Amino acid sequence: MNSLNKTFLPTKTYKNRNWYVIDCKGQSLGRLATIITSLLKGKIKPQYYPSIDTGDYIILINAESIVINETSKHYLVYKPGRPGHSLKIKNVVDCLPKLTIERAVKRMLSNTEAKRLMRRLKIYNSQTHLHQAQHPVTIDITNLYSTIEVETK
């Protein structure tokens, strides 16, 4: 008998999307954005395949209390190529937290993925959100970092 290992490849109709809630209180923007991108792409799932979308939905709460580097500058470019009025410099802290998180996550994704995957990211400035009916699972990122550090040592 010829017994070959069977590899599971999810099809485009394979619907196994989860909903996750992440609390942004006291979290660093960059570390949070890397976790969000891997969840949006579905890289944590065992059935991950690069050409097939198996990502999840993410709800971010308490977005106003995210930790941002206060000294970093934020460059906005309007009318590129036009000298005199094309570049404005703002501090990142002065920008809206929702916009800052969206830009960080969107720029970690490729251009083809960004439009499709950003629809699954829901950001709220307060503790309440509108997605209780989906029964989201709460993820504690502080414990996630400590478990990763213990496993690598």
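The values are calculated or read from the model by the stated rules, or taken from the named source; none is laboratory data. Because the structure is a prediction, the values reported are computed rather than measured. Surface areas here come from the heavy atoms of the whole protein model, side chains and all, with no ligands, DNA or RNA. Shrake-Rupley method; radii C 1.70, N 1.55, O 1.52, S 1.80 Å.
Quick notes on this one:
- Residues ASP56, ASP140, ASP94, ASP23, ordered by accessible area of protein heavy atoms at a 1.4 angstrom probe radius and largest first, appear as ASP94, ASP140, ASP23, ASP56.
- Our coupling estimate for the stretch 123-129, obtained by passing each phi through the Karplus curve with A = 6.51, B = -1.76, C = 1.60 and θ = phi - 60°, is 10, 10, 7, 10, 6, 8, 9 Hz, Gly and Pro reported as x.
- Extension gain, LYS98 to THR138: 0.36 nm times the residue separation minus the Cα-Cα distance gives 12.4 nm.
- By accessible area with a 1.4 Å probe, ligands and nucleic acids excluded, highest first: order of LYS6, LYS15, LYS43: LYS6, LYS15, LYS43
- Accessible surface, 1.4 Å probe, highest first, among residues VAL137, VAL105: VAL137, VAL105
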